[in-house]
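Presented below is the structure to which this report refers.
Every number here is computed from the coordinates shown, using simple stated rules; none is lab data. Please read all numbers here as calculations on a predicted model, not as lab measurements. Here the Cβ positions follow ideal geometry from the backbone for every residue, glycine too, while neighbour counts run over all protein chains shown.
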Amino acid sequence: MTTQVPSARELVMLTTRLERLEAESEIRRLVSTYHWVNDTGSASGAMPGWTDLTVPAGDGTGQARLKDLQVTNGAAWSGLGLSAAWPSSAGIAADDGTPRPGYMPRMMHFLTNEWLEVDGDTACGRWYCWEPAIVHIGGELTPILIAGRLRCEFRRESGIWRYAATEFEEVFSTPYPAPGWDHVPYGPANTRKAGS
């Protein structure tokens, strides 16, 4: 039985495919790490009790870790269709080392429907985002559900993948529990009046 030796062309093709798969895997870990740290406000990933808002989310280590995950000059953050409840943000690192910013003391991102495309040392990706959170709306802490689309750009620097840009498009956000997203829309996608 003879073993066929791959040609030089086949080896190049296999190497290219392997490099792309490894890049995709590294980007997935980057995205997971970013959201883990962002949700907890801590580089350790320790999350306080969801309903115990006397315990701050964030121990002063989150921002430094999030900055490590960005390109050298920082990553851009932009939002589309954001409801009035959202503040503007100059960068993707929301945790400034203080308790979770007052507008959102608790949040947890769930990303689905991943699509990644790697092109050398750059890549782009998109996900659906489902995010339960507790936010300040009208001066009151309100549990809400957020649905959105997340688009990200990545760049490999010195062999390490980092965030270059993030764009979040809010599809809707609504208070939770009931009456829920089909009756009390907060987001821009539905302009019905509450209860109609």
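Odds and ends about this structure:
- Count Lys and Arg as plus one, Asp and Glu as minus one, and take only other residues whose Cβ is under 10 Å from that of G125; the net charge is then -1.
- Computed lengthening from E140 to T3, 0.36 nm per intervening residue step minus Cα-Cα distance: 42.3 nm
- Of the peptides 132-144, 154-166, the ranking by mean beta-carbon count within 10 Å, highest at the top, reads 154-166, 132-144.
- Extended-chain gain in nm, criterion 0.36 nm per residue less alpha-carbon gap, R29 and L11: 3.8 nm
- Each residue, V55 and E117, gets one label point 7 Å from its Cα in the Cβ direction; the gap between the two is 4.3 nm.
- Ranked packing of 70-81, 28-39, most packed first, by mean Cβ within 10 Å: 28-39, 70-81
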